[in-house]
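The values are calculated or read from the model by the stated rules, or taken from the named source; none is laboratory data. In this text, all values refer to a predicted model and were calculated from it rather than measured experimentally. Backbone-built Cβ (ideal geometry, glycine too); neighbour counts: all protein chains shown.
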Amino acid sequence: METKKHEVTILGGGVMGFSIAYNLAKRGVSCQVIEMDSIAAKASGRNEGGVSSPALLAVFFATPFSPPFALQPCAKIFDETYFGQPQLVKELHDLTGIDIEFADTPCLMPAFSQEDEKSIKNLVSMANKKVGESKGYEARWLEADELRALYPPISTEIRGAGLAGMWQVEPYRYVLSLAQGAEALGASIKIAEATGFRTRGKRVTSVTLSTGREVEAEKVVIAMGPWSGRAASWLGVKIPLKAIKAQALKLQSSQQLPLYALAWGEGSGNGPFIHRTVPGPILAGYHEGRPEAWDDSRPETWDDRPTEEARDWCIAGMLRGIPSLEDAMLIQARCGILGYAPDSLPIFGSLPGWENVYIGAGLGTVGNSLSPGASRLICDLIIGGEGAEKAKKRLASLSPSRFL
Ligand SMILES: Cc1cc2nc3c(=O)[nH]c(=O)nc-3n(C[C@H](O)[C@H](O)[C@H](O)COP(=O)(O)OP(=O)(O)OC[C@H]3O[C@@H](n4cnc5c(N)ncnc54)[C@H](O)[C@@H]3O)c2cc1C
């Protein structure tokens, strides 16, 4: 048994686990993150780094090609994340000095057909009624002339585009800055695989590791991404998470593209998403298959290797949007596994039947856009008191007790 006891033990060192650790450490709560691989080794370090504005989510997630995600119950969390992100980035930079390549990359949603145009215009106006106008971050429709003036290399096939706000971060550096920020404030990190819990009554007393050692635990947070259902099952709780593979490409081009992201859907995938990252002309395409229920009792069979099919699909989509990118050179293929609940909502709250266990999982394709806001609420729950009551109410529809 390890003797140093932290108030909170967090399982999983992705964006969710380290967002929770950072917020706990900021509030003076001692915590430790246990990660089986390395910091942001899975989806959190392999994604496209988009942090979507509420208006973008309201348009994009309402399109038929959107990834499955139920937006409305999380709207306020998305809002808090988006508007709080510049401050968080500054805080992390002051603490760690890490440049996370934060950029303002508004997102264009191009219309390729009359039907697309009608639907995007409609969604833009609906989004503004819901979220945009009051904050000055409204979505807009750009006619072809305005679009081409803003983004000259865009395909002449495109009739116009929706436009809404989006921030961008370099995902691995972002999680690294959360981890180092948490460490600077007193948190610690342990590389080890959690394999079970020791319990007394309705409380977990320690986390068991694959080495056979145990880590004493006062409170535990399960933030293991798609593997979170596995940890809940060690406590007899069924969390029905589905795992889905998502892929992206990083490419290099001699062309300086305007600083916008592009997002549209084609075929069975929800990409391509094309981001121009700073400082270099680096782009990424994005592909996601439709949900497939992988056997969650055997995560060792989950395959997170990039596929040729996704690569070809992303490149074809990218060239359809920006034909002049023919010279782009592939420098990296990324693939990660996402966790989705059957109702496409994230899972945030106390684990039913257990007094000192919490979960932050099922972030699907929007982990960067949800984790800052959600982690603050989960910290409120953990710390207790009046804040916990408020957080409990706000997270009620996202609680794992909905699966009972
Ligand atoms: C190609 C791609 C593009 C994406 N683009 C975006 C985007 O632009 N914007 C956005 O918001 N989101 C995006 N996402 C989604 C985003 O990456 C996820 O929502 C997010 O990373 C989920 O974070 P997490 O911390 O919950 O899970 P993970 O990143 O999966 O982290 C879970 C961690 O738990 C660890 N773990 C598992 N089991 C154990 C164990 N037994 N013991 C200890 N540790 C364990 C894992 O090793 C892992 O590091 C994208 C994802 C992909 C793959």
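Taking each residue of the range 185-200 that is in contact (Cβ under 8 Å) with a residue 60 or more places away in the chain and within 17 Å of Gly225 (Cβ to Cβ) and looking for partners that are surrounded by 14 or more Cβ atoms within 10 Å (Cβ to Cβ) and among the hydrophobic types (A, V, I, L, M, F, W, C) with beta-carbon atoms closer than 6 Å, six or more apart or interchain, yields Ile189/Val33; Ala192/Ile34; Ala192/Leu209; Glu193/Met36; Ala194/Leu11; Ala194/Ile34; Ala194/Val207. Summed over the range 32-52, residues that are part of a strand (DSSP E or B), out of contact with any Ser or Thr (no Cβ under 7 Å at 6 or more places or on another chain) and among the hydrophobic types (A, V, I, L, M, F, W, C) total 1. Being hydrophobic (A, V, I, L, M, F, W, C) and either surrounded by fewer than 23 Cβ atoms within 10 Å (Cβ to Cβ) or modelled with pLDDT of 90 or more (or both): is that true of Val8 here? Answer is yes for this residue.
Contact map, the range 324-337: first residue under 15 Å from Glu48 (Cβ atoms), second residue away from the ligand (no atom under 15 Å from the Cβ) and not charged (D, E, K, R), Cβ cut-off under 7 Å, separation 6 or more or different chains; pairs are Ile331/Gln252. Applying the criterion of at least 2 residues that are near the ligand (Cβ under 10 Å from one of its atoms) and farther than 29 Å from Gln252 by Cα to the strands (runs of 3 or more DSSP E) found wholly in the range 314-381 leaves 329-340, 357-361.
Looking at Glu146, Glu170, Glu157, Glu117, just one residue is over 22 Å from the mean Cα position of the chain (by Cα) and surrounded by 19 or more Cβ atoms within 10 Å (Cβ to Cβ), and that residue is Glu117. From the list Glu157, Glu80, the lone residue that is farther than 30 Å from Val8 by Cβ and either assigned to a loop (DSSP other than H, G, I, E, B) or of a type in the set (Asp, Glu) (or both) is Glu157. Residue count for the range 197-230 satisfying the condition of being crowded, with 16+ Cβ neighbours inside 10 Å, small (Gly, Ala, Ser) and either within 11 Å of the ligand (Cβ to nearest atom) or within 28 Å of the chain's Cα centre (by Cα) (or both): 5.
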